[in-house]
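Below you'll find the structure, written out as structure tokens, and then a few comments.
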Amino acid sequence: MNPYLKALPFLLTGVLLNAFAQIAMKKAVTTAGMTWSLGPLVKLFLHPWMLACMGCYAVSIVVWAAAMKLVPVNFAYPFLALGFVVGAFMSRMFLGEVIPPLRWIALAIIVVGVGLLALTAPPSSNHAERQASGK
């Protein structure tokens, strides 16, 4: 199987985990508060939403590492731009945030850009293997 296709589930899972971590962080700081002193910070970092946030980030690192093993960074890294799109949808869905029309247009442009990037993947694994070996 083409490593670029094999990496897509890892890349998209990493994006989803990062976006949900942002939602969990927002819920944590909204619920527990955010104060720059030791006691409240400990309370914040032990809050269930903040623990969920940190857990999502930890798992996303492992998932992202699996993608990095398969594809070049210059292919994978731009997929993180989808986090803007997923984050907007999740903030609307879970936090009730309003997304103005111009922002929807900007998010659509991001999707088109990442879609174009995905089309740059070599068509076969043999090509990817030759590129990786420098031949």
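Under the membrane-span-like helix rule (DSSP H runs whose alpha carbons stretch at least 20 Å along the helix axis, mean Kyte-Doolittle hydropathy 1.0 or higher), the chain yields 48-70, 101-118. Within region 28-123, the chymotrypsin sites (Phe, Trp or Tyr not before Pro) that combine a DSSP coil assignment with at most 14 other C-beta atoms in a 10 angstrom radius are W36.
A simple charge model with +1 on the Cβ of Lys and Arg, -1 on the Cβ of Asp and Glu and nothing else charged puts the dipole of region 3-133 at about 120 debye relative to its Cα centre. Counting other Cβ atoms within 10 Å as a rough exposure proxy, the listed residues I23, I61 run I61, I23 from fewest neighbours to most. For the chain, the share of alpha carbon pairs falling in successive 10 Å distance bins from zero is 12, 33, 29, 18, 7, 1 percent.
Near the amide H of E97, within less than 5 Å, lie the amide hydrogens of R92, all on another chain or at least 5 residues away, with H placed in the peptide plane.
Look at the dipole of region 3-133 built from charges on Cβ: of A7, A108, V59, the Cα furthest out on the positive end belongs to V59.
None of the figures in this text is laboratory data; all of them are computed from the coordinates on show. This structure is a prediction, so every number in the text was calculated from the model and none was measured. Note that each Cβ is placed from the backbone with ideal geometry, even for glycine, and that neighbours are counted across all protein chains shown.
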